[in-house]
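Below is one structure, written out as structure tokens; the observations come after it.
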Amino acid sequence: MHNIALFGDALIDLIKDRKSFDFSPVCGGSIFNTAVTLARLSINVDFYSYIGNDFWGNFIIEKMREYKINSENVKRIDDYKTALAFCIINRDGNATYDFYRQNSKVKMDIKNIVNSSLFYYGSIFSILNENRNNVKKMINIAKKNNILIMYDPNIRKKHLNSKKSKKYIYENFKSSDIIKCSIEDLANITNITKIEDGFNFLSQFKPILAIITDGSNGSYAKLRGGNIIKAEAIKIRNIVDTIGAGDNFSAGIIYFLIKKSFLNKEKILTMNENILLNLLYFANKCAGFSLKSKGAFILERDILKLKRIFNSL
């Protein structure tokens, strides 16, 4: 059984009701959302992060136990407040966030990453100054132990407020075997708005597999030296919100790689176009199903559907 290591923020999304000022708390954080879906798809997940030794920290740990996510590598800090994100949903189901986060440099115990088959990280958490040493150490351990590395910048324009931010993103690109990002990420980082230009940009970092998502326009993949493959987006009626759609897309990619035994660089490079298309199709399904419920949480009946869909590929 493969273990997947994920490093990212664990926080509380306080989602505002569209018709009132009531807020509903759910566990969030981009990489955490991916961890939850993978665990609910019966994948062994080791999550690395730090949270406060407070009420909301306890809430997160309880949910991790409920979803069977290994919480041994989540550090609890007495004088640290678990991060909060107030989430406002517009008429189209898209979210805007106000983050309340305490800066704190935390030295983490990351040695257990050697037991993993894939290391996945990303979002603003991976480019915060206080986390750079943790990220670099994890990447070094992964590289020394031939562990596959996957990165998703998942970055908003307002977070690129210093030269260091972009420098750290480029360092992460260069260190990763698989780069998954949205066309919005690329526009924020480099002003790129076209898919082909996006792949040309990413090729300088020499990933073995690059994936670009473009919302309702579909998703795209390209192996090193290969052609661009496109899969159409999944059409969903009555979208509740778009929170975590990209995170669930990532869960679909990782699940596919595990279950189809593509957990090393050489094997990934043997993928043909039909396999790449199935990879994107399944990831699109994961993203699409997440649009049907509040937050990034996929309904249990849809988790079962995803397993059946995968078995049919």
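The values are calculated or read from the model by the stated rules, or taken from the named source; none is laboratory data. Owing to the predicted nature of the structure, the values given are computational and were not obtained by experimental measurement. When we count neighbours, we look across all protein chains shown, and the Cβ atoms used for this are built from the backbone with ideal geometry, even at glycine.
Which residue out of 184, 266 is in contact with a helix residue (DSSP H, G or I) (Cβ under 9 Å, 6 or more places away or on another chain) and either in a helix (DSSP H, G or I) or at pLDDT 95 or above (or both)?
184
Scanning segment 126-170 for residues that are aliphatic (A, V, I, L, M) and touching a Ser or Thr at 6+ places or on another chain (Cβ under 6 Å), which turns out nearest to residue 210 (Cα to Cα)?
149
Within the bounds of segment 94-106, is there any residue that is more than 27 Å from residue 38 (Cβ to Cβ) and in a helix (DSSP H, G or I)?
No, segment 94-106 contains no residue that is more than 27 Å from residue 38 (Cβ to Cβ) and in a helix (DSSP H, G or I).
For segment 163-175, check the following and say yes or no: at least one residue is of a type outside the set (A, V, I, L, M), closer than 21 Å to residue 38 by Cβ and either outside any helix (DSSP H, G or I) or touching a Leu at 6+ places or on another chain (Cβ under 8 Å) (or both).
Taking every residue of segment 163-175 in turn, none turns out to be of a type outside the set (A, V, I, L, M), closer than 21 Å to residue 38 by Cβ and either outside any helix (DSSP H, G or I) or touching a Leu at 6+ places or on another chain (Cβ under 8 Å) (or both).
Name the single residue that is surrounded by the fewest Cβ atoms within 10 Å (Cβ to Cβ) among those in segment 270-299 being assigned to a helix (DSSP H, G or I) and free of Cβ contacts under 8 Å to residues at least 40 places away in the same chain.
274
Within segment 71-85, can one find any residue that is touching a Leu at 6+ places or on another chain (Cβ under 8 Å), more than 18 Å from residue 154 (Cβ to Cβ) and at pLDDT 85 or above?
yes
Restricting to segment 2-45, count the residues that are hydroxyl-bearing (Ser, Thr, Tyr), under 26 Å from residue 146 (Cβ atoms) and part of a loop (DSSP other than H, G, I, E, B).
1
Condition first: more than 15 Å from the chain's Cα centre (by Cα) and either part of a loop (DSSP other than H, G, I, E, B) or touching a residue at least 60 places away in the same chain (Cβ under 8 Å) (or both). Now tell me which residues in segment 46-66 satisfy that.
53, 54
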